[in-house]
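One structure below.
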Amino acid sequence: MKIALVSPYDFTWPGGVTAHISQLSQQLIIMGHQVKVMTPFTPARADSIDQNLVQFGRTVPIPMGGSIARISLSVWLYRKVREFLTSEAFDIVHIHEPLTPFLPLAVLQSSKAVNIGTFHSNHGTDRWYRFSSPILKYWFNRLDGRIAVSDVAHRQVERFFQGNYQIIPNGIDLGFFGGQINKIPKYDDGKINILFVGRSEKRKGVKYLVDAYSQLKWDFPNIRLIVVGPGHPDREVSRIVAERGLMDIEFEGPVSHSQLPMYYHTADIFCSPATGKESFGYVLLEAMAAGTPIVASDIDGYSSIVQHDHQGLLVAPKNGKLLADSLALLINNPELAKRMGEAGKKEVQRYSWSHVARSVLDYYQLTLESTIGRTT
């Protein structure tokens, strides 16, 4: 089968959607299919360019859903997209976030293949779809199949774009995150390591974690907080650190994908205090694959992955005191933490990429069969 995977987001910037597309493409190739990834990207940021990656425009940063999306806004894409799709004659064109300007819309406008869209996002508000849905329904109706990565993502889009959706979750490379991986030597010193992984954005809730850490540090002087991800501490986080004289907080900044598993295996507890707008907790899967117990916010997108008191502890968002209490519970009870880590390793098996890619491929086949004989 000849398949095009379409990303609206710059492939040279880390993100859940681009990671999903990259892993899916690898699995589909392993399964014997031909795959091209259509994406905007910034050549200057790329260490190397995969031969299956095809560039469609450069990107600009746009605020979207409490985050920054780097998308192409070039209206000149249409001709290049049309020529590429015509020459390649794909069987399946699989567009991720298919209603995002401009590349996905250009693909939907031009594609004569079977078009499938995957909806990843939870915007946390209906504003975007409320104002754009009358215009975007034209492109939405060009989708032959629709996937949502979670019930949360499904509910978000289905309010304005009714149709049949298949729920297929994100996948995780279990071997990459769960193998025999060494700890980071400088942090393997007997301290209890609490890890955060994510972009430096307010919705990720780092200030609540730093607040919780400040409450814990007096009773547990042997703890350390490691913050991993692109961006710098915002003003509120910096103020808390300075005013409370906090020690043993390491802001690592961005790390390479190859280094990330070492951080999860170095951590004694993984904490994700996001405040909302999460359709899926990919970082939770990474922690579970590494066998690291979790403390996370009890929000949509997280509660569908982690069961409270099983793989970790879920607490109300935006509450440093509750976060501190849950972290203290695991610090004081290493056997409980170990049990939750082991439960996470067991639960995460159902998110293996081999399993998820097979579900996607089965849906391709089902959609192909349902469109046999149609006219374009």
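Bear in mind that the values in this text are calculations on the coordinates, not laboratory data. Predicted, not measured: the structure shown is a model, and the values here were computed from it. We place every Cβ from the backbone using ideal geometry, glycine too, and count neighbours over all the protein chains shown.
Points to keep in mind about this one:
- Relative packing of peptides 262-271, 196-205 - highest average C-beta neighbours within 10 Å first: 262-271, 196-205
- Other-chain or far-sequence residues with amide H under 5 Å of Ile62's (modelled H): Ala69, Arg70, Ile71
- Cross-link partners for Lys345 among the aspartates and glutamates, with Cα-Cα distance under 14 Å and sequence neighbours closer than 8 places in the same chain left out: Asp173, Glu286.
- Among the listed pairs Lys80/Lys112; Lys217/Lys318; Lys2/Lys112; Lys36/Lys112; Lys183/Lys204; Lys183/Lys338, those with a Cα-Cα distance over 21 Å are Lys183/Lys204.
- GNM on the chain, alpha-carbon springs under 10 angstrom: the most fluctuating residue among Pro230, Pro61, Pro14 is Pro61.
- Region 105-221, dipole about Cα centre (Lys/Arg Cβ +1, Asp/Glu Cβ -1), debye to the nearest 20: 440
- Counted over region 174-350 with a bin width of 5 Å, the fraction of Cα pairs per bin, in whole percents, is 1, 9, 19, 23, 24, 16, 6, 1, 0.
- Sequence of Lys186, Lys80, Lys2 once ranked by neighbouring C-beta atoms within 10 Å, starting from the fewest: Lys186, Lys2, Lys80
- Check: region 174-350 dipole with +1 on Lys, Arg Cβ and -1 on Asp, Glu Cβ, in debye: 220
- Summarising the amide proton neighbourhood of Phe56: residues at separation of 5 or more, or on other chains, whose placed amide H is nearer than 5 Å comprise Thr39, Phe41.
- Cβ crowding within 10 Å ranks Leu225, Leu105 as Leu105, Leu225, fewest other Cβ atoms first.
- For the chain, calculated [θ]222 nm from helices alone, where every DSSP H run of n ≥ 4 adds -39500 (n - 2.57): -11500 deg cm²/dmol
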